[in-house]
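Structure record follows, encoded as structure tokens.
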Amino acid sequence: MNLTRAKKICFIFSLSFLILISDSVQKTSFAADIGNCLLCHKYPGLSRVDEEGRMRLFFINESIYNNGVHAKVKCEGCHTDITEIPHKAAKKVDCLVECHIIEPTTETKFSHKDVATFIKTSVHGKVDKIGNDKKFSEDYPSCKDCHDEPLYRPLSFFKKVRPGISEASLGRCRVCHKKDDFIYQFYNHVTTRLHKSRNPLNIAEMCGRCHDDSSLVTRHGLSTKAVFSYGETFHGKAATFLDERVPDCLDCHVNKGESVHQMLSHKDPLSSIHETNKGKVCATIDCHPSASPKLANYGVHSEFNLTQSPAQYFFTFFFIVLTGGTLLPLMGIIFLDLVRRFFPHATIGRRK
């Protein structure tokens, strides 16, 4: 009798323990984690040293991932080679594969394959028009050179008092939709896509990884450090103070209404920065609608040298000399006056 009772107690205890573990796993894993990958990848110390001696970190921050644009994508949707646990070293993710999410207008699986077509014909493509690799093709960016896991930046359309989640908007969503997790996910996705996912300073810093690299600029025959020169302009200085109303690299180098992946060379007649099109960029309704085409002649990426911009060079040099010639003598007089005030009886040399 005692043995039977003991078995029952052990069974009940084991069942309760399993339910507790199952409940905790469900609470700590996000919806897309069907394979329960976070069972291991939720630990910050999860890492190893690879064959090349580099430290590889495999920690996944769940809260950040849940607020990212890939929160609903299954882990297996990108890591297609992982079929067992524990798994072997994962292969590099191919961003052009089809994922499990259905594109609603075509009812087909979503894919970034169209982006590959845009990039191939853009100034950042690794091959030329006849299909041959460009010179120094390894310098051209891949997806992950520009894209990280961006976080949602939702807008508030009601009263425009503050950016963020609009409870008034969510209240309207709840009229039809019953699950809050879907409402928040859909609201974040839609409102984020209605404006920039990064501010102008972030975009400039991203472009500067390549365009301010002296060796890369020299290899490709570029005339200037583009992002540095942008930072010297009014637009760049405003971006430094996190003003999001100023134009960034993408506002000028991409035609309005086109994908940012369709950036063309300034020599291409279809490019937004071609000589015949630059005036249209400045005269958009969001920037300077009443500006004449002459405004586009302003050297946004001009360097401080005599060859490229002699007028700016001499103008700047004149003001440097004027400022130095005015301030240095004045500072000298102030210094001598302070010396006399602190040491009123001091003299140079011996008194006779």
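Every number in this text was worked out from the coordinates using simple rules, so none of it is lab data. Remember, predicted model here, so these are calculated numbers, not experimental data. Quick reminder, even Gly has a Cβ in these numbers, built from the backbone with ideal geometry, and neighbours come from all protein chains shown.
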Amide H contacts under 5 Å for K109, restricted to residues at least 5 apart in sequence or on another chain and with H modeled in the peptide plane, are E103
With the dipole of the chain defined by +1 on each Lys or Arg Cβ and -1 on each Asp or Glu Cβ, the option from L336, M206, F58 whose Cα lies farthest towards the positive pole is L336
Answer in debye to the nearest 20: the dipole magnitude of the range 83-145 about its Cα centre, from +1 Lys/Arg and -1 Asp/Glu charges placed on Cβ, is 220
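List the relative contact order of the chain as a percent without decimals, with contacts defined as Cα pairs under 8 Å and 6+ residues apart.
Details: 325 pairs, mean separation 30.4, N = 352.
Worked out over the chain, it gives 9 percent.
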Number of Lys pairs in the range 25-100 closer than 22 Å at Cα, excluding neighbours under 8 places apart unless interchain, is 13
Relative contact order as a percentage, the range 156-289, C-alpha pairs under 8 Å and 6+ apart, gives 13
Here the range 52-62 yields Karplus 3J(HN,Hα) values (6.51, -1.76, 1.60; θ = phi - 60°; whole Hz; Gly and Pro given as x) of 8, x, 9, 7, 10, 9, 10, 6, 10, 7, 4
Listed by chain and number, the residues whose amide H is under 5 Å from that of S265, excluding neighbours fewer than 5 places away on the same chain and using placed H, are V123
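May I ask for the net charge around K134, where only other residues with Cβ less than 14 Å from the Cβ of K134 are counted and Lys, Arg are +1 while Asp, Glu are -1?
Values: positive: K120, K126, K129, K135, R219; negative: D128, D133, E138, D139.
Within the 14 Å Cβ shell, the charges total +1.
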HN-Hα couplings for the range 223-238 via Karplus (6.51, -1.76, 1.60; θ = phi - 60°), in whole Hz with x for Gly/Pro, come out as 8, 7, 7, 4, 6, 4, 5, 4, x, 7, 8, 4, 4, x, 5, 5
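Can you tell me the FRET efficiency between F182 and D94 if r is taken as the Cβ-Cβ distance and R0 is 35 Å, rounded to the nearest 0.05?
Numbers: r = 29 Å, r/R0 = 0.82.
Calculated value: 0.75.
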Scattering profile of the range 44-198 from the Debye formula, Cα beads only, expressed as log10 I(q)/I(0) at q = 0.13 Å⁻¹, is -0.89
For V127, the residues 5 or more places away or on another chain with a placed amide H closer than 5 Å to its own amide H are K134
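Placing +1 at every Lys and Arg Cβ and -1 at every Asp and Glu Cβ, with all other atoms neutral, what dipole size does the chain have around its Cα centre, in debye to the nearest 20? All intermediate terms of the calculation are to be shown ahead of the outcome.
Numbers: 47 positive and 38 negative charges, 254 e Å.
It works out to roughly 1220 debye.
Quote the convex hull volume per residue of the range 310-352, based on C-alpha atoms, as a whole number of Å³.
Numbers: hull volume 3.1 nm³, N = 43.
Normalising the Cα hull of the range 310-352 by residue number yields 72 Å³.
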Rounded to the angstrom and largest first, Cα extents along the principal axes for the range 25-100 equal 34, 28, 23
The range 166-196 and the range 30-103 have their Cα centres apart by a whole-number Å value of 26
